[in-house]
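One structure is given below, encoded as structure tokens.
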2 protein chains.
Amino acid sequence: MANITKKVSWSSRADESGPAGEGTPLLNGSEQPRLSRQPSEGGSIFQIGRLSTVDLEEEITSDEDSLRGRPKEIPHNEKLLSLKYESLDYDNIENQLFLEEERRMSYMGFRCLEISRWVVCGLIGFLTGLIACFIDIAVEELAGFKYQVVKENIEKFTEVGGLSISLLLWAVLNSAIVMGGAIIVAFFEPIAAGSGIPQIKCYLNGVKVPRVVRLKTLMVKVCGVICSVVGGLAVGKEGPMIHSGAVVAAGVSQGRSTSLKRDFKIFEYFRRDTEKRDFVSAGAAAGVSAAFGAPVGGVLFSLEEGASFWNQMLTWRIFFASMISTFTLNFFLSIYHNNPGDLSNPGLINFGRFQSDSVAYNLYEIPLFIAMGAIGGLLGALFNVLNYWLTIFRIRYVHRPCLQVMEAMLVAAVTATVSFTMIYFSNDCQPLGPEHTEEYPLQLFCADGEYNSMATAFFNTPERSVRSLFHNQPGSYNPLTLGLFTLTYFFLACWTYGLAVSAGVFIPSLLIGAAWGRLCGILLASITSFSIWADPGKYALIGAAAQLGGIVRMTLSLTVIMVEATGNVTYGFPIMLVLITAKIVGDYFVEGLYDIHIKLQSVPFLHWEAPATSHWLTAREVMSSPVTCLNRIEKVGTIVDTLSNTSTNHNGFPVVVQVSGSDEPAKLCGLILRSQLIVLLKHKVFVELARSRLTHRKLQLKDFRDAYPRFPPIQSIHVSQDERECMMDLTEFMNATPYTVPQETSLPRVFKLFRALGLRHLVVADDENRVVGLVTRKDLARYHLGKHGLEELQLAQT
Amino acid sequence: MANITKKVSWSSRADESGPAGEGTPLLNGSEQPRLSRQPSEGGSIFQIGRLSTVDLEEEITSDEDSLRGRPKEIPHNEKLLSLKYESLDYDNIENQLFLEEERRMSYMGFRCLEISRWVVCGLIGFLTGLIACFIDIAVEELAGFKYQVVKENIEKFTEVGGLSISLLLWAVLNSAIVMGGAIIVAFFEPIAAGSGIPQIKCYLNGVKVPRVVRLKTLMVKVCGVICSVVGGLAVGKEGPMIHSGAVVAAGVSQGRSTSLKRDFKIFEYFRRDTEKRDFVSAGAAAGVSAAFGAPVGGVLFSLEEGASFWNQMLTWRIFFASMISTFTLNFFLSIYHNNPGDLSNPGLINFGRFQSDSVAYNLYEIPLFIAMGAIGGLLGALFNVLNYWLTIFRIRYVHRPCLQVMEAMLVAAVTATVSFTMIYFSNDCQPLGPEHTEEYPLQLFCADGEYNSMATAFFNTPERSVRSLFHNQPGSYNPLTLGLFTLTYFFLACWTYGLAVSAGVFIPSLLIGAAWGRLCGILLASITSFSIWADPGKYALIGAAAQLGGIVRMTLSLTVIMVEATGNVTYGFPIMLVLITAKIVGDYFVEGLYDIHIKLQSVPFLHWEAPATSHWLTAREVMSSPVTCLNRIEKVGTIVDTLSNTSTNHNGFPVVVQVSGSDEPAKLCGLILRSQLIVLLKHKVFVELARSRLTHRKLQLKDFRDAYPRFPPIQSIHVSQDERECMMDLTEFMNATPYTVPQETSLPRVFKLFRALGLRHLVVADDENRVVGLVTRKDLARYHLGKHGLEELQLAQT
């Protein structure tokens, strides 16, 4: 019983000669844990684990030091799979403690739990709505102030000459504001960069992206997004709302803040990955809902991008959170706009109301819509390819925080300069109508009572520009203005996405699309003699949908979001058509923007199904083996050594039992996680050999919950030499009924089980119920369908 | 190796003394198969398996005869679980044949398959749209003709006196038309009764409801629904569209029609439950989409009510089918309405456009909406309870086809009489405005230039009545009219649902709700001095949503359906609020209407999660045991005897293997289905003992597909005495990697695995990998949460 670590050394990899032999991982243990602490200087959107001295919450682990000496490998292509990401446990750990608690709980107890789930979702919605409201008001006020200052300056210098001073003012203002946003992101919380949608997608997929749902991330995200929008970058504030909602959800549902060191002693039942992940879906939905005023769209977004197992009750809760979120935003914005109770501002972006008579479309317009969808798909693919190259460039050369801040400032200055130049050289003057609603009409060189049309597009927050493109009267823009705007804004937006600032890509995409869409409308109207049907606003909407669909490749949720944001169902069908066309065309060339970024970060992302041609692979080829197993009653020293072994760093260990007195091989009897062992070691749940009874107090489920989710590293736990000789009884704590598959199971079957149940470790057993291998997320994510059939990704430490 | 049937006789039920002991099933074998052929005289919505002499397609099995002698048990309470329903296999049978085929298939092969899936979905959408179009036009024309005849008659007799003749004409006309519909349903295809939504829900849940997706069912459904709507019953034609779409999907996806004996030799790959079920989801969605012009709502309906495993690609295909369906309907209806290319008729029911200015709502109206939601929940619960009692009465006393036809005729006559009486005694005359769009304004005793307001509600197809209630000018109805209408229509609709006619409950619910909603609006306007905000049409819409939500208890999908049918997103938030309130209030009293009917039919329906308090149950208590196992190389005689055993009638058999020459107990090595064995027996895949090699041609996957889904009964297969002595090698055909769980697995865990993967048989194995039990659908569906905690349903043969 005292054998150290049972190594079941059956391995089939040697005698199996499949293509799986190529690219065999360097390190074939089970899932990799806390290696994520290794300082990585990768400058792209994920930027996980960079340490900063200000970071007080970071648990400094000593394996960092042991790894610091290694040469830094920066993943820079999509053929790698990083081992630094842990998985989430979407499968409940059904050990004795858990089952006892569940069995003790009465029916009323479960009712109360259900009610608290609804309360939490309500809170998530409310807080997400408030944050959205705060961002909106802050951006509105600050941007208003900025544009006012610049406008006055321009007006002053238009008369007296010397507009270069205005340009300088504008560029410096923008750069300064953006610098603020970039500094907090690059130095304090790199994970807050970008829209956060890829990260949330990964989280919902079951990948534990470090630090992604922390309070600090939320703070940086909110301030960062205000800075980037006010700083005039080609970005939107909608994408980051999804990330913000997710953080709110992860925080509220736990009833405590580890960062603030406050524990409200509520919602303790929800302190595990299963429950938390459900709430995070609700938070993401609430975020979408607040951003676009689209509660149903939010639910669909969460489901389309995230959830794997559709549960009706969960869906209703998500729906509730979304509803509350959009209502809260609506309510507070109505107060801010001095119109309490009006409820006409359902989201951060509002596409405005389309008049019912102008929105009708005809059968012969459908081919036009499909063609526009194809254009959107093409332009989207171009955008994604350019951004892919740019991101690789950034990962290689722009990975220092100060460089990142400088790049952001440069982009801000260039954006201002380009905008100014475009406005300066534009001679598209439009009459300033009495009912005209431009917020900051720039007269510039136009005659009195006229304004510069290019400025409505450039000298404005992107949300307002989109709305102008949708609703301004036909003739408000001339085709050249729109063409030039599309061209410049396309490249600006492409350059901007991936900077170290918090910002979303939704609005810029919509803006580009609206511009070329309106252009299409104008051209169509000029070709055909009867111009009534070719309403430029309508084509702007279709173009916006096409461009956004071509970039992000969502269909169902995006249709609903667009319909809800437009407030009009009439366009539902054309938008659907356009989005599906854009997706098909775009997918022919390259993946969606978010998927590209996920791939570039080498995240072990599990798609919906195993690759189609993977039926010839079985669990035997896929699994990791040999597996480090533990005995049901194991020596403490062995456990400490196993956990401390930095070369394997397994996260889950099958527990085996030897039939006493027999020579038969040990049989599988359970599965235990590293985190559980750590808690056991911390509470010294040892059986001393001298006495036969336990000396420690009985461990409760609460002890595990209190340690969740930041379990201390093994190095922080001191175990004396005497204690090392004690034994530990794992019976109560292990999951006694882990899922198993036989070795002959085909990869799609393993994949389906793993994905549908959200597993983290799947034990492969032979027909004697002995452990022969372990399948983890990276073993499945490794196979993907490339251009030339099934490919296997290489595993990398970073 | 020659032992007959390995009975693993380990059973824990005797020594476990949980409440599971109560209500132990009479028949503890695995899932029950073809007992469904037993003639059941149950007269309610399912009415499965009644034999009629005209039914040529029914495979007459001889176990009917053996059962015919038994006393008929008619399930009449919800505490029973019927054993007559088989499960569908949502889990692929991964045997060697299947794996070989998959491995042979190239990447291009899979691409082609994917493309054919899209093609099939497109076809499903197109055909469903056509059917909807046909129903709509038929109803429009026939109802128009009927109302014209009755109107002329009434006008004639209003002047000369003797309106009782008009009443008689109306009642007789209605009864005659309804009789036609009821006869085909009651005598030819009882499964076509009702809306078909409960049946489709069961199908998507994984229950094989016999005859539900046959061509004949579709024919009867379509003709039946036309008759019932034209016959003036309080029914809608929308619900049956969902069933029709599902049948179309099941037919098209198989590339053949067993009824018509045509095999087009296409889509052979899709001839299995997994693929078929996906297409049926698409068909149901296309049906909703055509019915309400709500493609997104259709997708959500399919997902909310049906699918268990959310797959993005599947969702997109479903979405595509929905889109095509609504477009087809729209296109053909636009031609029918002499307005080709107009595309303004997206669904069978169109709520009409609400004017943007009248639709706005204020913050202080929200409590009103919530109150209306609560009223809807209460009224819905009342409706459901009344209908529940009525259904039990029907099951007991009205179960002969001729009685059912007579009841339907009676309802039709009563509906006409009540309508006539209401119109006759109503003195609510409204001026016939110039822009008035009533189709059949009845003047009756009103002055010239006026019409009878009650008649707009009663003397009209329900769809038109709903639209009138939504859009007629304030003042078109007086409160008394609306009150009386609500009252009578409520009871009529309640009586009508469950008749042996094809009809839906959506429209009657909307109509009841619209009536009392409008009443609320009028009362509110009269209480408060400023009546602008209390637009009666708006309150009619809210009332309609509340009533429908209270009856069927859908939230997310219904919100989207209502929004899409209204064509206006403004009401999204109030509708959501109302639906959630209605659901919460209604659920407090009684379940939704569809769930009640599913329960009354004792269908083994699996809900989303295991009952909350079921953690103390383990696989050991839940499973059926002993299990009939087969050897991997088994004697033909044994197999025939096992399959012929009518007292057990198992559908799946674990395959075990004895290590040759050892005394160890046999180990699990696979799982084989009754249907597979039948095909093997039919093709005589025997190994003669005299020769060592196989004598038969190698069996292909195609042989199994050709037999799918109507596998012949064992009695129809002749096996000679010589052949009985042969052996059968099951190795190639069994699923070699069935999912297994240990005996200690808790019920929620078993449930999750079973539900998430759509299993049919789950083997329970001990730690030596020996079979100790089998978990099937009925073992899990048996446990449910009643008023007093966990309850166990009794199993019944009928």
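Within the bounds of region B:296-309, is there any residue that is surrounded by fewer than 24 Cβ atoms within 10 Å (Cβ to Cβ) and more than 17 Å from the chain's Cα centre (by Cα)? The answer is yes; a qualifying residue exists. Checked against the criterion of being of a type outside the set (Lys, Arg), touching a residue at least 40 places away in the same chain (Cβ under 8 Å) and more than 10 Å from chain B (Cβ to nearest Cβ), the candidates A:Ala294, A:Ala246 yield just one match: A:Ala246.
Scanning region B:213-256 for residues being closer than 18 Å to B:Ala412 by Cβ, touching a Ser or Thr at 6+ places or on another chain (Cβ under 7 Å) and not in a helix (DSSP H, G or I) gives a total of 4.
Considering region A:735-763 alone, what residues qualify as being of a type outside the set (Lys, Arg) and either assigned to a helix (DSSP H, G or I) or away from chain B (no Cβ under 11 Å) (or both)? Let's see the steps before the verdict.
As a first pass, look at region A:735-763 and keep what is of a type outside the set (Lys, Arg): A:735-748, A:750-751, A:753-754, A:756-759, A:761-763.
Across region A:735-763, the qualifying residues are A:Leu747, A:Pro748, A:Val750, A:Phe751, A:Leu753, A:Phe754, A:Ala756, A:Leu757, A:His761, A:Leu762, A:Val763.
Here A:Phe327, A:Phe320 are screened, and the one residue that is under 23 Å from B:Ser557 (Cα atoms), modelled with pLDDT of 85 or more, within 9 Å of chain B (Cβ to nearest Cβ) and touching a Cys at 6+ places or on another chain (Cβ under 8 Å) is A:Phe320. Taking the listed residues B:Thr481, B:Thr456, the one that is modelled with pLDDT under 80 and closer than 24 Å to B:Ile551 by Cβ is B:Thr456, with no other qualifying. Taking region A:720-731 as the range and being in contact (Cβ under 8 Å) with a residue 24 or more places away in the chain and either within 13 Å of chain B (Cβ to nearest Cβ) or surrounded by fewer than 17 Cβ atoms within 10 Å (Cβ to Cβ) (or both) as the test, the residues that pass are A:Glu723, A:Arg724, A:Glu725, A:Asp729, A:Thr731.
Here's the yes/no breakdown for (1) of a type outside the set (Gly, Ala, Ser); (2) surrounded by 22 or more Cβ atoms within 10 Å (Cβ to Cβ):
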site: B:Gly376; (1), (2): no, yes
site: B:Leu379; (1), (2): yes, yes
site: B:Cys402; (1), (2): yes, no
site: B:Leu410; (1), (2): yes, no
site: B:Thr421; (1), (2): yes, no
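Only one of A:Asn427, A:Asn339, A:Asn362 is farther than 25 Å from A:Ile575 by Cα, modelled with pLDDT under 90, within 14 Å of chain B (Cβ to nearest Cβ) and surrounded by fewer than 15 Cβ atoms within 10 Å (Cβ to Cβ). Can you tell me which?
Values: A:Asn427 fails: within 14 Å of chain B (Cβ to nearest Cβ); A:Asn362 fails: farther than 25 Å from A:Ile575 by Cα.
When all the criteria are applied, what remains is A:Asn339.
Applying the selection to region B:505-534, what residues are at pLDDT below 85 and in contact with a Phe, Trp or Tyr (Cβ under 9 Å, 6 or more places away or on another chain)? Matches in region B:505-534: B:Ala525, B:Trp533.
Screening B:Arg710 against (1) assigned to a loop (DSSP other than H, G, I, E, B); (2) farther than 30 Å from B:Glu664 by Cα; (3) free of Cβ contacts under 8 Å to residues at least 40 places away in the same chain leaves a single unmet condition, (3). Within region B:584-608, the set of residues being closer than 30 Å to A:Glu564 by Cβ and either of a type in the set (S, T, N, Q) or over 20 Å from the mean Cα position of the chain (by Cα) (or both) comprises B:Ile584, B:Val585, B:Gly586, B:Asp587. Would you confirm whether any residue within region A:451-460 is in contact (Cβ under 8 Å) with a residue 24 or more places away in the chain, in a helix (DSSP H, G or I) and more than 19 Å from A:Gly543 (Cβ to Cβ)? Taking every residue of region A:451-460 in turn, at least one turns out to be in contact (Cβ under 8 Å) with a residue 24 or more places away in the chain, in a helix (DSSP H, G or I) and more than 19 Å from A:Gly543 (Cβ to Cβ).
Hey, among B:Ile131, B:Ile115, B:Ile135, B:Ile154, which residue is within 14 Å of another protein chain (Cβ to nearest Cβ) and either assigned to a helix (DSSP H, G or I) or closer than 30 Å to B:Arg211 by Cβ (or both)?
Result of the check over B:Ile131, B:Ile115, B:Ile135, B:Ile154: B:Ile115.
If I filter region A:571-589 for residues that are surrounded by fewer than 24 Cβ atoms within 10 Å (Cβ to Cβ), more than 14 Å from chain B (Cβ to nearest Cβ) and aromatic (Phe, Trp, Tyr), do I get at least one hit? Yes, that holds for at least one residue. Look at A:Val659 and say whether it is at pLDDT below 90, out of contact with any Asp or Glu (no Cβ under 6 Å at 6 or more places or on another chain), crowded, with 22+ Cβ neighbours inside 10 Å and in a loop (DSSP other than H, G, I, E, B). Considered against the rule, which asks whether it is at pLDDT below 90, out of contact with any Asp or Glu (no Cβ under 6 Å at 6 or more places or on another chain), crowded, with 22+ Cβ neighbours inside 10 Å and in a loop (DSSP other than H, G, I, E, B), A:Val659 comes out as no. From the list B:Ser281, B:Ser302, B:Ser259, B:Ser289, the one residue that fits, being part of a loop (DSSP other than H, G, I, E, B), of a type in the set (Ser, Thr, Tyr) and more than 9 Å from chain A (Cβ to nearest Cβ), is B:Ser259. Residues of region B:93-106 that are under 13 Å from B:Gln676 (Cα atoms) and either within 9 Å of chain A (Cβ to nearest Cβ) or part of a loop (DSSP other than H, G, I, E, B) (or both): B:Ile93, B:Glu94, B:Asn95, B:Phe98.
The values are calculated or read from the model by the stated rules, or taken from the named source; none is laboratory data. What you see is a predicted model; the values in this text were computed from it and never measured. Cβ atoms come from the backbone with ideal geometry, glycine included; neighbour counts cover every protein chain shown.
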